[in-house]
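Peer 1: Before we start, here is the structure in question, set down as structure tokens.
Only the coordinates and a few stated rules stand behind these numbers; no lab work does. In this text, all values refer to a predicted model and were calculated from it rather than measured experimentally. Glycine also receives a Cβ, built like all others from the backbone with ideal geometry; neighbour counts cover every protein chain displayed.
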Amino acid sequence: MSLQTLIMDEIKTAMRAKDTVALEALRAIKSEMLLAATSSGSKEELTEDDEIKLLQRLVKTRKESARIFTEQNRPDLAEPELAQVAVIEKFLPAQLSEEEVEAVIAKIIAETGASGIASMGKVMGLASAQLGGTAEGKTISAIVKKLLV
């Protein structure tokens with residue numbers, strides 16, 4: 001089943017359950033998917049990788065908003081953002097632990113013979129392609145820096 005069909009089914013379920021937080025998160029996903037599909041110069045359909053990147057971007061923005069609200073002592077605004085993160089993350093592939101990501105990156109470094117921070121771009125490109133939607137770019141970057149320095 002495509003992500004778009006799955007989202008539509010979940011929207012119907014959330015409407016029946018009167019779950020406003022889930023409904024808001026699901027509508028945001030649907031909106032972003034429509035915008036990406038209709039943007040100028042785009043393909044007709046989103047690929048699975050495009051969908052994962054879109055979902056990761058939505059999670060990232062909500063986590064950042066929640067962090068800002070928490071810093072400003074506004075837990076009433078942070079809680080709905082974090083609840084939406086939980087809804088959106090259901091559609092993402094399972095995230096790897098830092099140890100698993102580190103093992104994959106160490107293998108890439110060994111295969112490419114990369115050494116020093118100058119090789120970071122090459123390792124990041126390969127790691128991002130291989131890990132896809134299973135790890136955040138921030139985590140990948142931090143581990144690559146740690147292993148190359």
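Peer 1: Using label points projected 7 Å from each Cα along Cα→Cβ, tell me how many nm separate Lys30 and Ala129, to one decimal.
Peer 2: It works out to 3.7 nm between the two label points.
Peer 1: So for the stretch 41-149, taking the charge dipole from beta-carbon charges (+1 Lys/Arg, -1 Asp/Glu), which of Phe91, Asn73, Leu148 sits furthest toward the positive end?
Peer 2: Of Phe91, Asn73, Leu148, it is Leu148.
Peer 1: In 5 Å bins starting at 0, how do the alpha-carbon pair distances of the chain split up by percent?
Peer 2: Binned Cα distances yield the sequence 1, 9, 16, 15, 15, 15, 13, 9, 4, 2, 1, 0.
Peer 1: Just list whichever of Lys30/Lys145; Lys30/Lys107; Lys53/Lys107; Lys90/Lys146; Lys18/Lys63; Lys107/Lys138 have alpha carbons separated by over 27 Å in the model shown.
Peer 2: In this structure, Lys30/Lys145; Lys30/Lys107; Lys90/Lys146 exceed 27 Å between Cα atoms.
Peer 1: Still on this structure, I have one more. Based on the mean of other Cβ atoms within 10 Å per residue, sort peptides 113-125, 18-30, 86-98 so the most packed one is first.
Peer 2: Packing proxy ranking, top to bottom: 18-30, 86-98, 113-125.
Peer 1: Right, next: When the C-alpha atoms of the stretch 42-85 are aligned to their principal axes, what extent does each axis show, in angstrom, from largest down?
Peer 2: Result for the stretch 42-85: principal-axis Cα extents of 43, 14, 13 Å.
Peer 1: Could you tell me the distance between the Cα centroids of the stretch 1-30 and the stretch 82-149, to the nearest Å?
Peer 2: With the stretch 1-30 and the stretch 82-149 each reduced to a Cα centre, they are spaced 30 Å.
Peer 1: Okay, next question. Set the Förster radius R0 to 30 Å, insert the Cβ-Cβ distance between Glu98 and Asn73 as r into 1/(1 + (r/R0)^6), and round the FRET efficiency to 0.05.
Peer 2: About 0.50, to the nearest 0.05.
Peer 1: Then there's this: When the Kirkwood radius is taken over all Cα pairs of the stretch 98-148, what Stokes-Einstein diffusion coefficient follows at 10 °C and 1.306 mPa s, in µm²/s? Before the final figure, lay out the partial values.
Peer 2: Numbers: Rh = 10.4 Å.
Approximately 152 µm²/s, per Stokes-Einstein.
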